[in-house]
1. Quick one: would you say Glu121 is in contact (Cβ under 8 Å) with a residue 60 or more places away in the chain, within 16 Å of the ligand (Cβ to nearest atom), of a type in the set (Asp, Glu) and assigned to a loop (DSSP other than H, G, I, E, B)?
2. Got a sec? Which of His71, His88, His67 is open to solvent by 70 Å² or more (accessible area, probe 1.4 Å) and within 15 Å of the ligand (Cβ to nearest atom)?
3. Going by the structure shown, is Ile11 within 16 Å of Arg215 (Cα to Cα) and touching an Asp or Glu at 6+ places or on another chain (Cβ under 6 Å)?
4. Looking only at the stretch 103-118, decide whether some residue is more than 25 Å from Leu22 (Cα to Cα), at pLDDT below 95 and outside any strand (DSSP E or B).
5. Take the residues in the stretch 163-177 that are within 16 Å of the ligand (Cβ to nearest atom) and at pLDDT 95 or above; name whichever of them is most open to solvent (accessible area, probe 1.4 Å).
6. So, of the residues in the stretch 91-132 that are small (Gly, Ala, Ser) and within 25 Å of Ala24 (Cβ to Cβ), which turns out to be surrounded by the most Cβ atoms within 10 Å (Cβ to Cβ)?
7. If you scan the stretch 36-51, which residues turn out to be part of a helix (DSSP H, G or I) and either within 12 Å of the ligand (Cβ to nearest atom) or surrounded by fewer than 16 Cβ atoms within 10 Å (Cβ to Cβ) (or both)?
8. Determine whether Ile180 is away from the ligand (no atom under 16 Å from the Cβ), among the β-branched types (Val, Ile, Thr) and open to solvent by less than 70 Å² (accessible area, probe 1.4 Å).
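The values are calculated or read from the model by the stated rules, or taken from the named source; none is laboratory data. Computed from a predicted structure; not experimentally measured. FYI the Cβ positions are ideal-geometry reconstructions off the backbone, even for glycines, and counts take in every protein chain you see. Accessible surface is based on the protein model in full, side chains and every heavy atom, while ligands, DNA and RNA are left aside. Shrake-Rupley method; radii C 1.70, N 1.55, O 1.52, S 1.80 Å.
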Amino acid sequence: MPFLVDKYFEIKKETEPYAVSLIAVSKTKPIEDLREAYNQGIRDFGENYVQELVDKFPQLPSDTRWHFIGHLQTNKVKYIAPFVHLIHGVDSEKLLIEINKQGQKINKRIDCLLQIHIAREVTKFGFDEIEANAIIEKYFGPNDTSASLPFVKIRGLMGMASFTNDSAIIKTEFLSLKKIFDVLKEKYPDRFDTLSMGMSNDYALAMEAGSTMIRIGSLLFGERNYHKS
Ligand SMILES: *Cc1c(COP(=O)(O)O)cnc(C)c1O
């Protein structure tokens, strides 16, 4: 299925009352679909496999902003560091340190979001509020110049709600993430500007709850076929 132009403009219109940017999640989709999206004005693309991102990157114009939205293995940071626009799912201290190391090598400060675990599903990925606070205090100090990981810039938080049709649960989870975000933003106003939450099934709830960035895949590109990879 190609890029769904009408759906894109419908969603874009829905986002207008909110201060939110739209990331087109193009994972598993062929480059022609991304080109179509690009030609309709999309510049932000989200991918979650390093190899796929590395392959696609040179095939779109250089003003494309590539977001890494998946779980990133430390040994793969070096492949995306030179061109990645924002790493959404930073979920460990080890990963932060590696991103800093790779950023230093190429003298680039890499924008990151800490992933916060808000869903009911058990997963090993993501920090809780206390852990996120501790990490930020430990490595980034009270202001920008006190950072001990100077090649990382924490711009905000990312989270995924539970996989459920119960919108009350999803709403509660998004609001809990927004609350954590607000506390941090108040503490570090010059640093925190991005709250990445909301996907195809729950972006309306996410925008209501104060998201600044939604990540939409299947609504724009059709259902994914995972069998191919
Ligand atoms: C795949 C993915 C999305 C997009 O999911 P859709 O339900 O297709 O919109 C958003 N965020 C993350 C982290 C993903 O892995």
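1. Taking the combined requirement at face value, the residue does not satisfy it.
2. Answer to the check: His71.
3. Judged against the criteria, Ile11 is not a match.
4. Among the residues of the stretch 103-118, not one is more than 25 Å from Leu22 (Cα to Cα), at pLDDT below 95 and outside any strand (DSSP E or B), which makes the answer no.
5. Once the filter is applied, the top-ranked residue is Ser167.
6. Gly126
7. Those that are part of a helix (DSSP H, G or I) and either within 12 Å of the ligand (Cβ to nearest atom) or surrounded by fewer than 16 Cβ atoms within 10 Å (Cβ to Cβ) (or both): Asn39, Gln51.
8. Answer is yes for this residue.
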